[in-house]
Amino acid sequence: MKQIAFFDFDGTITTKDSFLEFIKYLKGNFRFYTGFLLNSPFLVAYKLGIISNQLAKERVMRFFFGNMPVEKFQLACNEFSDKAIPLLIRSKAMLEIKKLQEAGVEVVIVSASAENWLRSWCATQGVSLLATRMVQNKGKITGKLEGLNCHGEEKVRRVHEAYDLSEYTRIYCYGDTKGDKPLLGLATFSFYKPFR
């Protein structure tokens, strides 16, 4: 009997958004808040539904990471993954992941955050990863996303791209925002904000 579990990461497994925490980790609080102040018109436009989640995210990524050498960026991502992510993890979420793994359930993180700073943590936990991909060009981070932001319906598309769900008798899904509702719709057992 094959079983699989899909977890949203930010807010479900963590207490804070890892994208925002990574920017703070890399740039410091002053540059973080200054950067968001400078980009506030775009963030307001996103909140009002004038521009997409993708456009707003790419704007912020380009501002903070654009033209950064890939090697330097990835080293910072790995350091953040090893040192900072463990401090953000909800203990109840980790207990659930370990319980599922012990029962032979395959565990997959499906996240809108970039795979660059989630990959290392996922590897240490023995879980698979489907996440937003960042475009690289001539050895530099561009700030653009490769394909769509792994959010909402894109999470479902990415799951179907990677897995034939008809092979699984039980599908567990965990999420904490309306952007996770499409993912939760795949489940035979769904859990909304289960670790609060």
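Every read-out reported here was derived from the displayed coordinates using simple, explicitly stated rules and does not represent laboratory data. These numbers come from a predicted model, not from an experiment. Every residue, glycine as well, gets a Cβ built from its backbone with ideal geometry; the counts of neighbours run over all protein chains shown.
How about segment 1-46: which of its residues are of a type in the set (A, V, I, L, M) and either part of a strand (DSSP E or B) or over 20 Å from the mean Cα position of the chain (by Cα) (or both)? It would help to see each step written out before you state the result.
Initially, segment 1-46 is screened for residues of a type in the set (A, V, I, L, M), giving 1, 4-5, 13, 20, 23, 26, 37-38, 43-45.
Those that are of a type in the set (A, V, I, L, M) and either part of a strand (DSSP E or B) or over 20 Å from the mean Cα position of the chain (by Cα) (or both): M1, I4, A5, L37, L38, V44, A45.
Might you check whether a residue that is on the phi > 0 side of the Ramachandran plot and not in a helix (DSSP H, G or I) occurs anywhere in segment 172-189?
First, pick out the residues of segment 172-189 that are on the phi > 0 side of the Ramachandran plot: none.
So far as segment 172-189 goes, no, none of its residues is on the phi > 0 side of the Ramachandran plot and not in a helix (DSSP H, G or I).
Only one of the numbered conditions (1) in contact (Cβ under 8 Å) with a residue 24 or more places away in the chain; (2) charged (D, E, K, R); (3) touching a Cys at 6+ places or on another chain (Cβ under 9 Å) is not met by R133, and that is (1).
Determine if segment 22-39 includes at least one residue that is in contact (Cβ under 8 Å) with a residue 60 or more places away in the chain, under 28 Å from E153 (Cα atoms), in contact with a Cys (Cβ under 9 Å, 6 or more places away or on another chain) and not hydroxyl-bearing (S, T, Y). So far as segment 22-39 goes, yes, one or more of its residues are in contact (Cβ under 8 Å) with a residue 60 or more places away in the chain, under 28 Å from E153 (Cα atoms), in contact with a Cys (Cβ under 9 Å, 6 or more places away or on another chain) and not hydroxyl-bearing (S, T, Y).
Kindly provide the set of residues from segment 152-171 that are part of a loop (DSSP other than H, G, I, E, B), touching a residue at least 24 places away in the same chain (Cβ under 8 Å) and out of contact with any Pro (no Cβ under 8 Å at 6 or more places or on another chain), ordered by number. Even if it seems obvious, please write down each step before you answer.
Residues of segment 152-171 part of a loop (DSSP other than H, G, I, E, B): 152, 163-164, 168-169.
Filter again for touching a residue at least 24 places away in the same chain (Cβ under 8 Å), leaving 152, 163, 168-169.
Selection gives Y163, Y168, T169.
Yes or no, residue by residue, for (1) within 22 Å of F195 (Cβ to Cβ); (2) under 19 Å from the mean Cα position of the chain (by Cα); (3) of a type in the set (A, V, I, L, M):
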| position | (1), (2), (3) |
| --- | --- |
| F65 | no, yes, no |
| P69 | no, no, no |
| M94 | yes, yes, yes |
| V110 | yes, yes, yes |
| N116 | no, yes, no |
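In the set (1) in contact (Cβ under 8 Å) with a residue 12 or more places away in the chain; (2) farther than 28 Å from E106 by Cβ; (3) not in a helix (DSSP H, G or I); (4) not β-branched (V, I, T), G49 fails one condition alone, (1). Restricting attention to segment 87-105, the residues that are closer than 19 Å to M1 by Cα and surrounded by 16 or more Cβ atoms within 10 Å (Cβ to Cβ) add up to 3. The set of residues in segment 17-61 that are surrounded by fewer than 15 Cβ atoms within 10 Å (Cβ to Cβ) and of a type in the set (F, W, Y) comprises F30, Y33.
M1 fulfils the conditions (1) touching a residue at least 60 places away in the same chain (Cβ under 8 Å); (2) more than 30 Å from L165 (Cα to Cα); (3) loosely packed, with under 13 Cβ neighbours inside 10 Å except for a single criterion, (2). Scanning segment 96-118 for residues that are assigned to a helix (DSSP H, G or I), touching a residue at least 40 places away in the same chain (Cβ under 8 Å) and within 26 Å of L20 (Cα to Cα) returns E96, I97, N116, W117, L118. The residues listed here are Y25, Y33; of these, the one that is in contact with a Phe, Trp or Tyr (Cβ under 9 Å, 6 or more places away or on another chain), of a type in the set (S, T, Y) and farther than 22 Å from G179 by Cβ is Y25.
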